[in-house]
Amino acid sequence: MRTLEGKTLFITGASRGIGEAMALRAARDGANIVLAAKTAEPHPKLPGTLYTAAEKIEAAGGKALPCVVDVRDEDAVQAAVDKAIDAFGGIDITINNASAIMLTGTRQTPMKRFDLMHQVNTRGTYLVSKLTLPHLLKSETPHILNISPPLNMDPKWFKNHVAYTMAKYGMSMCVLGMAEEFRGKVAVNALWPRTSIDTAAVRNLLGGDAMASTSRTVDIMADAAHAILTRGLDCTGNFFIDDEVLTAEGVTDLDQYAVTPGATLTPDFFL
């Protein structure tokens, strides 16, 4: 059985949602989790904090190191990396999950939001990868996993929210470039969901409870990530889709991941 036991994962945006679910899946194997996220105090509209996530990780059997980090801040990221090395002696896996979203057209997108999406999504992914790479290169099982979509130049993915698409594709371009740059040394892949996922973004920004009810749970992304991260170094440069990964692993019951079993699911808008 493939396992992440004893591995150290550095996960951004891990205080809730997909990031937290991936952390908990690894924790059940007995992994060490570095939680790099902004939410130290309870948010009125968002569930969970770094510290509630850390408690869940410890309860699940892992070791947690919560670090208050804004991925736009190079010093903060470096400090978290340094704490990870002090606490666990190395970093085996980096998951770039932190993301900012605003699905608006060109005229409706304030430059402040444009800058936020590019600084968090593209620059944050690049920065976290850059600062963890010296330690990944010392690992026996090094992997970078970006939560970003397959690259597709069809204009339909750009026309309604070009700023967001550019920012998310920046994360995917990091996969394309770094997988080749570090081929044979560090595996670099992307993972994206086939359907909408029941997260705070879906409930608060995209479609509310109605869309959440036709989504899959965060567990499908966590299980797919686990499958990818326990593959060998030759598994690199891929743009994986969650259900395809699990089908390849022999999972036949995908309805177990539906918020409402049997419901017609809402497809992800990048697919």
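When segment 1-58 is filtered for residues that are in contact with a Lys or Arg (Cβ under 6 Å, 6 or more places away or on another chain) and modelled with pLDDT under 95, the ones remaining, listed by number, are 47, 48. Residues in segment 32-46 that are more than 17 Å from the chain's Cα centre (by Cα) and either farther than 23 Å from residue 73 by Cα or among the β-branched types (Val, Ile, Thr) (or both): 44, 45.
Scanning segment 61-72 for any residue that is free of Cβ contacts under 8 Å to residues at least 24 places away in the same chain and surrounded by fewer than 16 Cβ atoms within 10 Å (Cβ to Cβ) turns up nothing. In segment 188-201 there is at least one residue matching the filter, namely being modelled with pLDDT under 95, surrounded by fewer than 17 Cβ atoms within 10 Å (Cβ to Cβ) and of a type outside the set (D, E, K, R). Scanning segment 91-149 for residues that are of a type outside the set (A, V, I, L, M, F, W, C), assigned to a loop (DSSP other than H, G, I, E, B), buried (at least 22 other Cβ atoms within 10 Å of the Cβ) and more than 13 Å from the chain's Cα centre (by Cα) returns 92, 142.
Among the residues of segment 37-65, the one identified as in a strand (DSSP E or B) and farther than 16 Å from residue 7 by Cβ is 37. Taking the condition assigned to a loop (DSSP other than H, G, I, E, B) and without any contact (Cβ under 8 Å) to a residue 12 or more places away in the chain, does residue 1 pass? So residue 1 passes the test. Once segment 177-187 is narrowed to residues that are out of contact with any Cys (no Cβ under 9 Å at 6 or more places or on another chain) and not in a helix (DSSP H, G or I), the residue that is surrounded by the fewest Cβ atoms within 10 Å (Cβ to Cβ) is 184. Residue 87 meets each of the listed conditions (1) within 20 Å of the chain's Cα centre (by Cα); (2) in a helix (DSSP H, G or I) apart from (1). When we screen 19, 30, 6 for residues that are of a type outside the set (S, T, N, Q), crowded, with 24+ Cβ neighbours inside 10 Å and either in contact with a Gly (Cβ under 6 Å, 6 or more places away or on another chain) or in a loop (DSSP other than H, G, I, E, B) (or both), the only hit is 19.
Residue under question is residue 248, and the condition is that it be small (Gly, Ala, Ser), modelled with pLDDT under 95 and either more than 19 Å from residue 18 (Cα to Cα) or in contact with a helix residue (DSSP H, G or I) (Cβ under 7 Å, 6 or more places away or on another chain) (or both); does it hold? The answer is no for residue 248. List every residue pair whose Cβ atoms sit under 7 Å apart, with the two residues 6 or more apart in sequence or on different chains, where the first one lies in segment 170-187 and is farther than 10 Å from residue 148 by Cβ and the second, anywhere, is of a type in the set (Val, Ile, Thr). What qualifies is 178/144; 178/188; 179/188; 179/236; 182/188; 183/236; 186/144; 187/236.
Looking across 175, 120, 186, 128, one residue alone is of a type in the set (A, V, I, L, M) and farther than 21 Å from residue 221 by Cβ. It is 186. Which one is nearest to residue 178 (Cα to Cα), of the residues in segment 150-165 that are within 17 Å of the chain's Cα centre (by Cα) and in a helix (DSSP H, G or I)? Among those residues, the one meeting the criterion is 165. Contact annotation: residue pairs with Cβ atoms under 8 Å, 6 or more positions apart or on different chains, pairing a residue in segment 230-253 that is farther than 15 Å from residue 216 by Cα with a partner that is of a type in the set (Ser, Thr, Tyr) and at pLDDT 95 or above, are 230/3; 233/141; 239/172.
The values are calculated or read from the model by the stated rules, or taken from the named source; none is laboratory data. Remember, predicted model here, so these are calculated numbers, not experimental data. No Cβ is skipped: glycine too gets one built from the backbone with ideal geometry, and neighbour counts run over all protein chains shown.
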